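Let me begin by presenting the structure, written as C-alpha cells, before commenting on it.
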Amino acid sequence: MIEARLEHFPVGMEFDVEAEGGRHKLVVDKAAPFKTLVREGGAFTVLFRGPSQPVLPQGLYTLKNGDEEREIFFVPIASLPDGARYEAVFN
C-alpha cells in the first residue's frame, strides 16, 4: 500500500467505496495541510462529498481510483441536501 500524501487527493478526484450493501462514489471537496508537520510526508485533512443516502458510519474503508486502492479511516461530519460530507485526517 502506498503512503498517503496530500498530492494524492486533488479536488474533484473521485473514489469508489463498497459499503452498506452497495458501491458509492466519494469526491474530494477539499484537501489542506496542517501547519504542524508531525507525520512523515506531512499532516493534512481531506474532505469528501458522497451521496445523501446512505450516510456511511465512521470507519476504515477501501477507496478505489482506477488500479489504486487506499484504506482510509473517515468520519461523517455533515448530511446536507446535496450529499453527505466526510473527513479523513492524516497526522
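Quick look at the numbers
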quantity: Test for PHE48: is it loosely packed, with under 14 Cβ neighbours inside 10 Å and within 9 Å of the chain's Cα centre (by Cα); calculated: no
quantity: Those residues of segment 41-91 which are without any contact (Cβ under 8 Å) to a residue 24 or more places away in the chain and of a type in the set (D, E, K, R), in sequence order; calculated: ASP67
quantity: Enumeration of residues in segment 42-90 that are outside any strand (DSSP E or B) and on the phi < 0 side of the Ramachandran plot; calculated: ALA43, PRO51, SER52, GLN53, PRO54, VAL55, LEU56, PRO57, GLN58, ASP67, PRO81, ASP82
quantity: Selection count, segment 1-24, where residues are out of contact with any Lys or Arg (no Cβ under 8 Å at 6 or more places or on another chain), closer than 21 Å to PHE90 by Cα and either of a type outside the set (Asp, Glu) or not in a loop (DSSP other than H, G, I, E, B) (or both); calculated: 7
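Each value in this text was obtained by applying a stated rule to the coordinates, not by laboratory testing. If you're wondering where the values come from, they're calculated on a predicted model, not measured in any experiment. FYI the Cβ positions are ideal-geometry reconstructions off the backbone, even for glycines, and counts take in every protein chain you see.
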